[in-house]
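K.L.:
Structure provided below as structure tokens; questions to follow.
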Amino acid sequence: MELTTIVLIAAALFAWALVSARLQQADLTAPIVFTAVGAAMAWSGLVDAASPPAGLTPMVEVTLVWVLFSDAARLPLQQLRRDLGRYARLLGVGLPLTIVSGWVLAAWFFPQLGLWLALLVGAALAPTDAALGVPVVTNPAVPSRIRQLITVESGLNDGIATPVVMVAIAGAAAAAGLESAAAPGSAAVELLIGAAVGAAAGAVGGWLLQLARRHGTAVEDFAGIGVLALSLLAYTAALAVGGNGFVAAFCGGLAFGTCSGKRVPAELVFVEQMGGLVSLLVWLAFGAIAVPTMLAHFVPLTIVYAVLSLTVVRMLPVALASIGAGLNRDTILFVGWFGPRGLASLVFVLLALETLGPVSNEAVAVITATVLLSVLAHGFSAAPLAARYGRAAAAAGPEPGGPVPVAPAPARGLSRTHTPTPRFRPKRGRP
């Protein structure tokens, strides 16, 4: 990567720090801005979309590791028993139906993809990203149990979809006869090994950190760095024994959040800040590499698929999974619509490009178009629809069962709320 490109990227990050509040008030979120910056770099010739930089793969992989670990660890699993049935419906029924529906639709619309690449499209577009709908999950007008439902779903569905994506990439590589391609069966064994290694690393790491806090042997300021290292330890340890590192990161996060005590949210701040930084770089790489690929392989049917993916393919499974869950029609439509495709989907895109090369171009074009449409549609509709739904919910009466504590939404370069920071005003007179 040329020095000029690095300078421009650093300048873009600093400029975002200066004006992010003003841009977000105009509904220009970080994904929109940095995707546009990346596309502009590709258009100007500063980045060659046909030959991605050598450091792209490690950056994408580390991003996914931190996102999977922090999303899983942040969720207070012990406090989710109250609405466990709703979570199980969305993740155990709605998510598989979404993957299968997207798979079947992709195979029908684009038969040239074959079954494996069609599965890649369906699985890569199944995870949702609460970070793209921050006004939804931070608006107190929206009932707390609905905000918690959306947050929990987005925190877990990327980890659940990751094994399907990895198997689809392995199957597509084997079908294309690529060198060093692992068979789908081997990929499934790697997933099991990764889950076991990750769970063990997260559980032992969480227990040791809690023990160190209890005996005062750990410096509080270094705990965040320790958790960051633990997520990478789970990933690399799984790779060392032939397991899948991404599944290890997800299972490690779940185990760590369960075993490390009440300090988990504070100890995850550093991991989330690092994840926020690299996620901005991934959005930029997405605009510089995936967007030109989409434009080169664009067909009108791609937009039709993108629209259906964000509506029917997402909302119908949510409606079917919500039968008997005690949710009214407005709530089902609200939860179904706010399933934005975000960071996990574009990380899967970049991993597919790195692993499969030109073989994946058409699948990448479909996924990219859907993510771009989601970034715009969900980014601009989050605040007004959340306010409208909140007013309707308030008019219907108090929240059934009372409010519940809501797990914080992932920041990933976005502010958690739109509350302006109070300005410091020096006191007059004597100190």
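Values quoted throughout were computed directly from the atomic coordinates according to the rules given, and no laboratory measurement underlies them. No experiment lies behind these values; they were computed from the predicted model shown. Every residue, glycine as well, gets a Cβ built from its backbone with ideal geometry; the counts of neighbours run over all protein chains shown.
K.L.:
With 10 angstrom as the radius, rank ASP71, ASP48, ASP83 by how many other C-beta atoms surround their C-beta, starting from the fewest. List each step's numbers first, then the result.
P.N.:
Values: ASP71 34, ASP48 12, ASP83 19.
Sorted ascending by nearby Cβ count, the order is ASP48, ASP83, ASP71.
K.L.:
Next up: Report the full-extension gain for the segment ALA387 to ALA229: residue separation times 0.36 nm, less the Cα-Cα distance, to one decimal in nm.
P.N.:
Details: separation 158, 0.36 × 158 = 56.88 nm, distance 3.96 nm.
Length difference between fully extended and current span is 52.9 nm.
K.L.:
Roughly how many nanometres apart are two label points built 7 Å out from the Cα toward the Cβ at LEU115 and ALA175?
P.N.:
Between LEU115 and ALA175, the simple spin-label model gives 0.8 nm.
K.L.:
Can I ask one more? Return the single residue from ILE323, ILE32, ILE332 with maximal mean-square fluctuation; model: Gaussian network over the chain, springs between Cα atoms under 10 Å.
P.N.:
Greatest mean-square fluctuation among the candidates belongs to ILE323.
K.L.:
Continuing with the same structure: Which one, LEU254, LEU68, VAL19, is farthest towards the positive end of the dipole of the chain when Lys and Arg carry +1 and Asp and Glu -1 on their Cβ?
P.N.:
VAL19
K.L.:
Per 0.36 nm of contour for each residue apart, how much would the distance between VAL204 and ALA10 grow if the chain were fully extended, relative to their Cα-Cα spacing?
P.N.:
In short, 66.1 nm is gained.
K.L.:
Same structure again: Taking the highest mean first, how do the peptides 294-301, 372-379, 156-163 order by number of other beta carbon atoms within 10 angstrom per residue? Before the final figure, lay out the partial values.
P.N.:
Values: 294-301: 13.9, 372-379: 20.8, 156-163: 23.0.
Highest mean packing first, the order is 156-163, 372-379, 294-301.
K.L.:
Turning to a different aspect of this structure: Can you sort TYR389, TYR87, TYR235 from fewest to most other Cβ atoms within 10 Å of each residue's own Cβ?
P.N.:
Numbers: TYR389 23, TYR87 19, TYR235 30.
If I rank by nearby Cβ atoms, fewest first, I get TYR87, TYR389, TYR235.
K.L.:
Moving on. With +1 on each Lys and Arg Cβ and -1 on each Asp and Glu Cβ, and nothing else charged, work out how big the dipole of the chain is about its Cα centre, in Debye to the nearest 20. Working shown, then result.
P.N.:
Details: 24 positive and 19 negative charges, 415 e Å.
In debye, rounded to 20, the chain gives about 2000.
K.L.:
Here's something else I'd like to know. Give me the number: length gained by fully extending ALA188 to PHE222, i.e. 0.36 nm times residue separation minus the C-alpha to C-alpha distance, one decimal in nm. Don't skip to the end; give the middle numbers.
P.N.:
Values: separation 34, 0.36 × 34 = 12.24 nm, distance 3.62 nm.
Taking ALA188 through PHE222 to full extension adds about 8.6 nm, to one decimal.
K.L.:
Right, another one. Please find, in a Gaussian network model of the chain (springs between Cα atoms separated by less than 10 Å), the residue of ARG314, ARG89, ARG213 whose mean-square fluctuation is greatest.
P.N.:
In the Gaussian network model the winner is ARG213.
K.L.:
Still on this model: If you rank PHE256, PHE109 by fewest surrounding Cβ atoms within 10 Å, what's the result? Please list the in-between numbers first.
P.N.:
Working: PHE256 30, PHE109 17.
Listed from fewest to most nearby Cβ atoms, that is PHE109, PHE256.
K.L.:
Hey, can you rank 4-15, 220-231 by average C-beta count inside 10 Å, highest first? If you can, show how the numbers build up before the last one.
P.N.:
Values: 4-15: 13.4, 220-231: 18.1.
Peptide ranking by packing, descending: 220-231, 4-15.
K.L.:
Candidates (1) 41, 30, 18; (2) 31, 26, 25; (3) 35, 33, 17; which is the computed semi-axes √(5λ) of the Cα gyration tensor in Å?
P.N.:
(2)
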